[in-house]
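*Asks:* Let me give you the structure first, and then I'll get to my questions.
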Amino acid sequence: MGALNAEDSPCATLVGGCQAGLDVFGMGTALLRGVQKLIAPGSCCEREGEATNSFMLIGDMVNGLGRSAGRKADRTRRVAIDLDEPVLAGRVRP
């Protein structure tokens, strides 16, 4: 009885004890972040809690897709300017 009185938590009164949850999404996110670290070592987990936060992973995926979709092919048909000295054979230079 003395041990039950010393315990603040109601878990001590239950036969099964306290039930702790299993963060399935956090483990999946950590697995994906681990694969990402293998592919690109400097690309993730700079912010606090980013390794197991599913919402930060989704945000990073949306940002990555937005950056990759935002690049468009250059269709302006620009031509490089030749900056070499022109050949002046037969001409008098000023």
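*Asks:* Would you tally the residues in the range 40-94 being open to solvent by 100 Å² or more (accessible area, probe 1.4 Å), within 30 Å of residue 29 (Cα to Cα) and modelled with pLDDT under 75?
*Replies:* Qualifying residue count for the region: 1.
*Asks:* Oh, and also: Between a first residue in the range 43-54 that is free of Cβ contacts under 8 Å to residues at least 12 places away in the same chain and a second residue that is part of a loop (DSSP other than H, G, I, E, B), which pairs have beta carbons less than 7 Å apart while being 6 or more apart in sequence or on different chains?
*Replies:* Every condition considered, no pair remains.
The values are calculated or read from the model by the stated rules, or taken from the named source; none is laboratory data. Owing to the predicted nature of the structure, the values given are computational and were not obtained by experimental measurement. As a convention, Cβ positions derive from the backbone with ideal geometry for all residues, glycine included, and neighbour counts pool all protein chains shown. Surface accessibility is based on the protein's heavy atoms, side chains included, excluding ligands, DNA and RNA. Shrake-Rupley method; radii C 1.70, N 1.55, O 1.52, S 1.80 Å.
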